[in-house]
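See structure below.
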Amino acid sequence: MRHLSLLAAALLLCTPALGSEDVIRKGFNVSPGGTLHVTAGVGDVTVVTGGTGVAVEIVRQARGTRGEKKMAHHQIDVRQSGNDVIIDGDLVRDADGWFGGPIFYEVKWNVRVPSRYNIDVHTSGGSIKLADIGGTVDARTSGGDITTGRLGGEASLSTSGGDITVAGATDDLVAKTSGGSIDVGNTEARVEAKTSGGDIRLAKVGSSVKARTSGGDIDIEDAMGAVDAETSGGSISAQLSRQPQGESRLSTSGGGVTVTIADGIGVELDARASGGGVHADVPVTVQGTQDGDQLRGRIGAGGPALVLRSSGGGIRVKRM
């Protein structure tokens, strides 16, 4: 009987406590052109567009005494300032349980804004999902992915622990991550993409490109401006369909380089490989000496420099 009592007590201690949930909803009358400011110390942030005004829904869930205590101490301020809406929910780290193991406390930040509204979002512990946004975007997270629709204004996206996926952009785009891949659809302006731990894939880019990765491949489907791409852990492929107005440089120490050039483009080619040779399928007016690992010369009528470097594979220049 004593053993049964002890077993029952142990099972009771292992049974999770019933959770608690609360929902905060607020609405604001604003005009297009304002800014949504979100500071979320924890949780995922989702922003959609449509209708008029700003609608806010914050869903909080907690399990166990530690989670419920964290909810009770999590102060959330939602207010309007002029044409802006401010959501402040920064979660202060305390000494009671924050570092002592998992705390079952989750927050979902759901906001609807007008289609032409600026977004300034920061979360320390979740993902960020944005629909098609007509205004500027500044989105930062320390612990999740960033996924967006098509962005209509200047955009800066940054995460320390996830992937970045952008459907497309009409203005300048900067995307940086320390721990994932970057995938960007068709864009009309300048793109800067940087990651320390994944691949970079860019679709059609209407202007210049700057791409950096320390741990993956770089694939630029079509660039209409100068390309500055560098990786130390993969291959690089790029297509140039329009005459570049500035120098392009593609360099890798961990793979090959392939560049496809449209008819009529003129560049000064400077290609050097130490691991697989240099091959050109387009006419090159050779300058100086040429060997299997180096090729310098003029393509077409000449123009800005096209510098290609590979220390871990071959280089190939192809005709589109």
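Bear in mind that the values in this text are calculations on the coordinates, not laboratory data. The shown structure was predicted, so the numbers you read here are calculated from the model rather than taken from an experiment. Methodologically, a virtual Cβ is constructed for each residue, glycine included, from the backbone with ideal geometry; neighbour enumeration extends over all protein chains shown.
Between residue 286 and residue 232, the simple label model (points 7 Å from Cα in the Cβ direction) yields a spacing of 3.5 nm. Across region 65-76, computed HN-Hα scalar couplings (Karplus, 6.51 cos²θ - 1.76 cosθ + 1.60, θ = phi - 60°) run 5, 5, x, 5, 5, 5, 4, 5, 9, 8, 8, 10 Hz from first to last residue, x flagging Gly and Pro.
Here the Karplus relation 6.51 cos²θ - 1.76 cosθ + 1.60, evaluated at θ = phi - 60°, turns the backbone of region 77-88 into coupling constants of 10, 10, 8, 10, 9, x, 9, 9, 10, 10, 10, 10 Hz, with x for every Gly and Pro. Close amide H partners of residue 287, meaning residues 5 or more places away or on another chain with modelled amide H under 5 Å apart, are 296, 297, 298. For region 204-292, the Cα-based Rg and Dmax, in that order, read 13.0, 36 Å.
On average over all directions, what projected area in square nanometres does region 224-268 have, based on the convex hull of its Cα atoms?
Numbers: hull surface 11.8 nm².
Computing the convex hull of the Cα atoms and averaging its projections yields 3.0 nm².
The relative contact order of the chain, computed from alpha carbon pairs under 8 Å that lie at least 6 residues apart in sequence, is 10 percent.
Compared with the alpha-carbon gap, the fully stretched path from residue 293 to residue 77 is longer by 71.5 nm at 0.36 nm per residue. Each label point was placed 7 Å from the Cα along the Cα-to-Cβ direction; for residue 20 and residue 319 their separation is 7.4 nm. Geometric descriptor of region 131-200, per residue, is 56 Å³ (volume of the convex hull of the Cα atoms). Lys-Lys pairs in the chain that are eight or more residues apart or on separate chains and whose Cα atoms lie under 16 Å of each other come to 7. Do the sum for the chain: with -39,500 (n - 2.57) for every DSSP H run of n ≥ 4, divided by all residues, what is the mean residue ellipticity at 222 nm, to the nearest 500 deg cm²/dmol? Using -39500 (n - 2.57) per qualifying helix, the result is -2000 deg cm²/dmol. A cut-off of 5 Å between modelled amide H atoms, ignoring neighbours fewer than 5 places along the same chain, links residue 126 with 43, 142, 143, 144. Binning the C-alpha pair distances of region 151-281 at 5 Å intervals from 0 yields a P(r) profile of 3, 11, 22, 23, 20, 12, 6, 2, 0 %, listed from the shortest bin outward. What the phi angles of region 306-320 give under the Karplus curve with 6.51, -1.76 and 1.60, with θ = phi - 60°, is a coupling list of 10, 9, 10, 9, 8, 10, x, x, x, 10, 9, 10, 10, 8, 5 Hz, glycine and proline written as x.
Which percent, to the nearest 5, of DSSP beta bridges fully inside the chain are antiparallel?
On the way: 31 of 135 bridges.
Once the DSSP bridges in the chain are tallied, antiparallel ones form about 25 percent.
Taking the Cα atoms of the chain, the ratio Rg/Rh between the radius of gyration and the Kirkwood radius comes to 1.16.
Which of 190, 79, 249 has the fewest other C-beta atoms within 10 Å, and how do the rest follow up to the most? Present the calculation step by step, with values, prior to reporting the outcome.
Values: 190 19, 79 11, 249 15.
Sorted ascending by nearby Cβ count, the order is 79, 249, 190.
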